[in-house]
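Here is the structure we will look at.
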Amino acid sequence: MKKAVIFSGAGLSAESGIPTFRSNNGLWDNYRIEDVTSPEGWEKDPALVLDFYEQRFEQMQNCKPNAAHYAIAQLQEQFDVLCITQNIDTLLERAGVKNVIHLHGRIDYAKCECHFLIPPQNIDEECDYRSEISKAIQMGDRCPKCSKKLRPDVVWFGEAVSLPKREIRRILPEVEVFIGVGTSAKVYPASSLLYYFDTVPHRYFIDPDPPEHLRLRYTFLEGTAAEKIPELVASLLAK
Ligand code: BJW
């Protein structure tokens, strides 16, 4: 089967009602991004961080996949599709997409704060607790293994991001289509993936305001995800 890789950011879910990060709307108007998405913010005010993620949890539970998510699922009829997303929502999975890597974590998981405590209180005793959750984490929720605080299983600024380099290296020679969608490409190291796929024959970038520095690498399809992804998928499936 032909292979396709999709690399997505917040713009993919914008038309499902989840605000992007670097636009002036919704939830973000009430918070400074670094107060709620950094280990320093968590150490300073965990209640504020949990309040923020509780609102995100409710918001994401109440949203539905949009036409772009469903079109990506449809692409699987003829392509072996790998989705690498920066998004913590699970709209791709809920639309039926099977192979999804979440670079920045998932809203529906909690983990022990041991994963990042700065400085590590005791590296040897760091625990690795991580579990799916059906309701948002509350203040007072504790790790069943070591009783430190539970935190969202997401990647904050300054925390390590694990890039799927081995998987990419394995499939790269066979990838025919690469689609970047809905990301400002401002956050490292996730955005570095946009430079890995230069050898892929068909490379597209979908965004109403695509990052100018990528213009020479990609065919720009300027527009929204829910508008452009279904069109592109239809043309790929018709080939
Ligand atoms: C549409 C649309 C529609 C609108 N259809 N499109 C200085 C220079 C360079 C790097 C650094 C630096 N100082 C620090 C750094 C590193 C830092 C970084 O990159 N900072 C930059 C902001 C400057 N990176 C990190 O800290 C990372 N870790 C790291 O580097 O670790 C080093 C390390 C190594 C070894 C050991 C330990 C450490 C971690 C980054 C984590 C990012 N986390 C967040 C929060 C995740 C959890 C959560 O969701 O709450 O990830 S921040 C936020 O940004 C989130 C996103 O995934 C990420 C990317 O945002 P995205 O998706 O691109 O959204 P937007 O809003 O920026 O763009 C939306 C796009 O959609 C726009 O283009 C719109 O036009 C478009 N759009 N409507 C299609 N309908």
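Every number in this text was worked out from the coordinates using simple rules, so none of it is lab data. Because the structure is a prediction, the values reported are computed rather than measured. Counting neighbours? That spans all protein chains shown, and the Cβs are built from the backbone with ideal geometry, glycine included.
Remarks
- Förster-model FRET efficiency, 35 Å R0, residue 159 and residue 195, C-beta, rounded to 0.05: 0.95
- Shape call, the chain: gyration tensor on alpha carbons, a/c limit 1.5: prolate
- Antiparallel DSSP beta bridges within region 76-216, percent to nearest 5: 50
- Spacing of the modelled spin labels on residue 170 and residue 209, each 7 Å from Cα toward Cβ, amounts to 3.8 nm.
- Computed over region 56-105: relative contact order in percent, which uses C-alpha pairs under 8 Å that are six or more apart: 39
- Each 10 Å bin from zero holds the following percent of Cα-Cα pairs in region 105-239: 10, 29, 26, 21, 13, 1.
- Which of 33, 179 has the fewest Cβ neighbours within 10 Å, and the rest in rising order: 33, 179
- DSSP-loop chymotrypsin sites (Phe, Trp or Tyr not before Pro) across region 1-108, with at most 16 other Cβ within 10 angstrom: 21, 31
- When the alpha carbon gyration tensor of region 64-165 is reduced to an equivalent ellipsoid, its three semi-axes come out at 31, 16, 10 angstrom, largest first.
- Here each label is just a point 7 Å from Cα along the line to Cβ, and for residue 188 and residue 202 those points are 3.3 nm apart.
- Considering only GluC sites (Glu not before Pro) in DSSP loops that have at most 12 other Cβ atoms within 10 Å, the longest stretch of the chain without any of them is 78-221.
- Cα centroid separation - region 150-228 against region 52-93, whole Å: 15
- Taking 7 Å steps out from each Cα toward its Cβ at residue 237 and residue 126 produces label points 4.4 nm apart.
- Relative contact order (%) - the chain, alpha-carbon pairs under 8 angstrom, separation at least six: 25
- In order along region 187-199, phi translates into HN-Hα couplings of 9, 8, x, 3, 5, 5, 4, 5, 9, 7, 10, 4, 8 Hz, rounded to whole numbers, per the Karplus curve 6.51 cos²θ - 1.76 cosθ + 1.60 with θ = phi - 60° and x for Gly and Pro.
- MRE, 222 nm, helices only [DSSP H, n ≥ 4, -39500 (n - 2.57), over the chain, to nearest 500]: -7500 deg cm²/dmol
- Axial C-alpha extent at least 15 Å, average Kyte-Doolittle at least -0.5 - helices from the chain (DSSP): 225-238
- Charge dipole magnitude, Cβ of K and R +1, D and E -1 - region 84-193, Cα centre, debye nearest 20: 80
- Restricting attention to the chain, lysine pairs at least eight places apart or on different chains and with alpha-carbon atoms under 13 angstrom apart total 4.
- Region 127-207 - percent relative contact order, Cα under 8 Å, separation 6 or more: 25
- Simple rule: put +1 on each Lys or Arg Cβ and -1 on each Asp or Glu Cβ in region 64-176, find the dipole, and look at 96, 131, 146; the Cα lying farthest toward the positive end is 146.
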